[in-house]
Structures are given as C-alpha cells and as structure tokens.
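Peer 1: This is the structure I want to talk about, given as structure tokens.
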Amino acid sequence: MYKLETNQLVYSPSDLTLFMRSPFASWMDRLALTDKTLKKNEADPMLNLLAKKGTKHETNFLQALINQYGEKNVAQITGDKKDASQKTADAIKAGYSVIFQAYLERDSFKGYADFLIKKPGQSKLGDYYYEVWDTKLAKTTRPYFIVQLCCYNWMLESHKGLLSDEIMVILGDKNPDGTPHTDRIRATAHYSYFEALKSQFLAFQNDFTGDSNQRPDPAFCTDFGNWSDYAQSILQESDSLSIVANIRKSHIKKLNAAGIHTLIGLAGTSELTIKGMTPEIFQRIKAQALIQLESRGQERPKYQVLETEAGKGLKGLPAHSALDVYFDIEGHPLHEGSLEYLWGVSYESPEDTTGTLYPFKDWWAHDHAQEKLAFEGFIDWVYDRWIKDPSMHVYHYASYEITAINRLANREQTRLEEVAELLTNGVFIDLYRLVQTGLLIGEPRYSIKNVEHLY
C-alpha cells in the first residue's frame, strides 16, 4: 500500500491477502506509512532465493506462451503506472492473445496481474474476454492465491464488463509428462468470500488511528509478514500466552475469557479448570507455563519426566539394540521437485577399530538420479541391519524423514516392499512424539534445537 500526493491510499491485491493471513502485519504496514522509525525484518536470504525462483518460473511460463501464441500476439506491459494503465487498456482493446504484467485498477485497488489470457466469449469487448492467470512456486493452491486472483478478476471486470467464471494458477512443479502443473478454479464459487474480505479490509483501513490499543494481537497470527522480529518483541514484553509451548489459539481464547492473559498468570492461577477446556488439558498447559517460568534466567532449562501408561511417553522407547541407528535428512526445498540431498546416520559399531564410538555414515545426492541411489542405499543398509537383528530401531525427530521416505518410494517405485516392512514392524521411532508426550521442558518450543538446551 502507498499514499498518493492527495493522501489517498492505494492498495494492491497482495495487501488484501496479507490482511487475510495476518491482520497484525497489515496494521503494521499501514502504521509504517507514517512512522518512519519502524524497522522491518532484515532481508531474508531464503526469501530472496524464493523471489528469484519465482521470477524465473514466471519468465519460463511467459516464454512457453510466446512459443505457443507467437511473439506478436503477446503484449508485455512496461513503463510507469500511468503508461502501464493506458498500455493495458490498449492491449485489451486490441485483443492480444496474452497480456503480461497487465496493470489493473479499480476504486482504491491497483496492481500488476501476471497474465491475462484471451478466451472466446461475449463481453463488451466483443466476442472475447480475458482470464486471469498467475504463477506460484507452491505445489498446491493456497486459499490466499484464490483471493488474490479474485481481486484481479474484479479489477478486470471494469475493462471487460463481466467476471470470468474461472481463474488459473500455474504451480511450481510439473506433471509427469513435463507440462506445467496448473489448477483451474471456479472464481464465482469464491467471490462472496472475496467481497466480504474486501469489505472487512476497507473497514479496517478506514478505522485505522495508529493507536497501539487498536493493534491486532500477534498471538492470534501465524504469519507476521515483514514484522516477525517486532511481533516477537511484543509477545515477549507482554508475556503473551502464545509463548507457552504447545498452546493453541483456541486455548488462548478460552484462557482470555477466563481472565488469564499472560504466562505468569497461567502459571500462578489457582483455578483447577476453565470453561470449554478439559481439566487434563488445562493442567498440562498450566504445568508447561510453570516450568517455563521457573526456567527463566537459567543456563539450562528445567525438565520433568511425565508419568504415562505403558507404550506412551518415554515408556514408548524400545529396548536398546547394538544395531540401533540415529537418522536425519537434509533437504533442498527450492530444488525443482525438492531434493533430499543428504541422508545421514550415526550408529553403534561394535566392530569399529578406529575408536569412534558412534561413526557417521552418509549418502549424498546432487540431482534426482543420485537421490534415488541415496534412498536405495539407505533403505538397503537399514533393512540389512534389521534382518540381522529385528529388535533394532531407527530413531528420528519429527515426521519429515518418514514423509520423505514414503514420497520417494512411491515416486521412484523402488524399495516399496522393504519400506512397507520397516514401517509395519515399527522400526522407525519418532522421538519428537515421545518427548512431547513424555517430558515437560522449560522451553517455548519442543524443536530439536530447543531440546538440545537440556544437554
């Protein structure tokens, strides 16, 4: 969003989707128009890489359209906003097959649509109209993609006199035949939601005063936009309930309704239960708040082993085997199709003569062909150890490793029987699940990096 010289505010479809994802970030963006002392997050190298890949994806699709329709039938809009607006209107009137970076405006919304694609059909333009298409790196369509495209579709309506029934997302992966993975969506099915959201957004902006008491609570947002550092400082300074590990937004709302608004307040409450929450859940999050409070200022966080029934928590740990394996994967999410490039294991090696108690073994991959070989090498190695000792286990932390194994086995159609046997027989043990149910730790999260603070 930005202000014109007349002080009129101008919004983009991205401003609308940010409001959808995070009212807090939307409020901060508005405040930053007048408060120049506010500091956004420093540039994230990962986001820069994503932006570059997004531009490449867009450019590649543009070239594919030029190859399909011919360069003379593709209008590429350039120039400043005033020129771009007129060039877009001229291109629409001329009936180009493809209009790239069309500059659209309606009411207080302005912005550049990736692609307008000409389609046969009646409109005030004649026997054709345009659909809005957009390139996204994601592999699946997200709700805010649809809202963004609905907004462009609404802006385009002023040019062509009708709303397209359909919009298109060109996703970041490819179909098995190598063609782009696309998602055609019925825009009209989502239009009522878009209109309601747009009305809420405009009311939100019209009511803006800059008063911090009016600021949306970041505790109820999972996306802070460019303001994550600022949001975290607010949550810490206010001792927000959101910094209690494993607490849910629904829990926070119920605690707030009961007059509990801070971690200290939750840790110190004498209440045994609150409305809408089971006593077990309430006591669990209260105990979590208390151990986090007791760990403040400590070099090492406090912890408590929870008493659980057999097979749960730390009682879910199987007996030790000399062939046990400790497993982790490193992946490259920005590689086309993703790439699990490092499969690493630490393990006991009774026959090792080097004096290394837990040697490390790895399988590397720089492309999908090598990834398949690394996957097969890992599964064969583990399977062989399991055949030698069916009591051995492979320990990992959280679900990523199993998800990757299943994905590769099915995608490459290899080692399917071995993977099925290992999973059916419970060879893989998720330590995150055991830690989460078997320990209380004085940390705001139970990620491996937080748990490592214990030792």
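Peer 1: Determine, from the Cβ-Cβ distance of ASP90 and ASN450 and an R0 of 60 Å, the FRET efficiency 1/(1 + (r/R0)^6), rounded to the nearest 0.05.
Peer 2: 0.55
Peer 1: For region 335-455, state the average projected area of the convex hull of the C-alpha atoms over all orientations, rounded to one decimal in nm².
Peer 2: Projected over every direction and averaged, the Cα hull of region 335-455 covers 9.5 nm².
Peer 1: If you don't mind, there's one more thing I want to ask. Working out 0.36 nm times the residue gap between ALA203 and LYS372, then minus their Cα-Cα distance, what length gain in nm do you get to one decimal?
Peer 2: Stretched out fully, the ALA203 to LYS372 stretch lengthens by 55.5 nm.
Peer 1: If you fit an axis through the alpha-carbon atoms of helix 279-295 and take the longest principal axis of the Cα set of the chain, what angle between them do you get, 0 to 90°, nearest 10?
Peer 2: Taking the Cα atoms of the chain, the angle to 279-295 is about 80 degrees.
Peer 1: Next question, about the same structure. With a 1.4 Å probe and every protein chain left in place, work out the accessible area per residue of the chain in Å², rounded to a whole number.
Peer 2: So the chain comes to 53 Å² accessible per residue, rounded to a whole number.
Peer 1: With labels modelled as points extended 7 Å from the Cα through the Cβ direction, what inter-label distance (nm, one decimal) is found for SER108 paired with LYS275?
Peer 2: Simple spin-label model gives 3.7 nm for this pair.
Peer 1: On to the next question. How much of the accessible area of region 161-273, probe 1.4 Å, is carbon plus sulfur, in whole percent?
Peer 2: The C+S portion of the solvent-accessible surface of region 161-273 is 47 percent.
Peer 1: Could you sort out which of LYS286/LYS312; LYS198/LYS254; LYS254/LYS286; LYS253/LYS312; LYS87/LYS160 sit more than 24 Å apart by Cα distance in this structure? Walk me through the numbers on the way to the answer.
Peer 2: Values: LYS286/LYS312 21 Å; LYS198/LYS254 29 Å; LYS254/LYS286 13 Å; LYS253/LYS312 29 Å; LYS87/LYS160 15 Å.
Beyond 24 Å between Cα atoms: LYS198/LYS254; LYS253/LYS312.
Peer 1: A further question on this structure: Treating cross-link reach as a plain straight distance, find the aspartates and glutamates whose alpha-carbon is under 20 Å from the alpha-carbon of LYS174, omitting any fewer than eight places away in the same chain.
Peer 2: GLU58, ASP114, ASP134, ASP183, GLU336, GLU340, ASP367, GLU371, GLU412
Peer 1: Here's a follow-up. In the structure shown, do any of LYS361/LYS388; LYS53/LYS124; LYS52/LYS81; LYS56/LYS124 have a Cα-Cα gap over 26 Å, and if so which? Don't jump to the answer; show the numbers that get you there.
Peer 2: Details: LYS361/LYS388 18 Å; LYS53/LYS124 37 Å; LYS52/LYS81 23 Å; LYS56/LYS124 35 Å.
Beyond 26 Å between Cα atoms: LYS53/LYS124; LYS56/LYS124.
Peer 1: Roughly to the nearest percent, how much of the accessible area of region 24-65 is carbon and sulfur, given a 1.4 Å probe?
Peer 2: Values: 1550 of 2660 Å².
Ligands and nucleic acids excluded, carbon and sulfur reach 58 percent.
Peer 1: Something else now. Using a ≥ b ≥ c from the Cα gyration tensor of region 76-168 (square roots of the eigenvalues), is it rounded, prolate or oblate, where a/c under 1.5 gives rounded and otherwise the larger of a/b and b/c decides, a/b for prolate?
Peer 2: oblate
Peer 1: I need to check one value: relative contact order of the chain, counting alpha carbon pairs closer than 8 Å and at least 6 residues apart, in percent.
Peer 2: 11
Peer 1: Modelled label-to-label distance, ASP229 and GLU195, 7 Å Cα→beta-carbon offset: nm?
Peer 2: My value for the distance between the label points is 4.3 nm.
Peer 1: So if each residue of separation counts as 0.36 nm, and I subtract the Cα-Cα distance between LYS388 and LYS36, what length gain in nm does that give?
Peer 2: Details: separation 352, 0.36 × 352 = 126.72 nm, distance 6.62 nm.
Taking LYS388 through LYS36 to full extension adds about 120.1 nm, to one decimal.
Peer 1: Just grab the label-to-label distance for GLU237 and LYS139, each label 7 Å out from Cα along the Cβ direction, in nm (one decimal).
Peer 2: About 4.1 nm separates the two model spin labels.
Peer 1: Using the charge dipole of region 122-272 (Lys, Arg: +1 at Cβ; Asp, Glu: -1 at Cβ; taken about the Cα centre), state which of PHE224, SER158, GLY265 has its Cα farthest towards the positive end.
Peer 2: GLY265
Peer 1: Give the angle, between 0 and 90 degrees and rounded to the nearest 10, that separates the Cα long axis of helix 81-94 from the longest principal axis of the Cα atoms of the chain.
Peer 2: So the helix axis and the longest Cα principal axis differ by about 70 degrees.
Peer 1: Right, next: Just to confirm my numbers, what's the Cα centroid distance between region 206-222 and region 138-202 in Å?
Peer 2: Computed from Cα coordinates, the inter-centre distance equals 28 Å.
Peer 1: A further question follows. For LYS3, give me every one of the aspartates and glutamates with a C-alpha distance below 20 angstrom, ignoring sequence neighbours fewer than eight places off in its own chain.
Peer 2: Reachable aspartates and glutamates: ASP15, ASP29, ASP35, ASP80, ASP83, GLU105, ASP107, ASP207, ASP211.
Peer 1: What does the extension gain come out to for VAL10 and ARG300, with contour length at 0.36 nm per residue minus their alpha carbon separation? Don't skip to the answer; put the middle values down first.
Peer 2: Working: separation 290, 0.36 × 290 = 104.40 nm, distance 5.00 nm.
My answer for the length gained is 99.4 nm.
Peer 1: What are the semi-axes of the equivalent ellipsoid of the chain, taken as the square roots of 5 times the eigenvalues of the Cα gyration tensor, listed largest first and rounded to whole Å?
Peer 2: They are 47, 34, 18 Å, listed from largest to smallest.
The values are calculated or read from the model by the stated rules, or taken from the named source; none is laboratory data. What you see is a predicted model; the values in this text were computed from it and never measured. In this analysis, Cβ positions are derived from the backbone assuming ideal geometry, glycine residues included, and neighbour counts consider all displayed protein chains. Just so you know, the surface numbers come from the protein's heavy atoms only, side chains and all, with ligands and any DNA or RNA stripped out. Shrake-Rupley method; radii C 1.70, N 1.55, O 1.52, S 1.80 Å.
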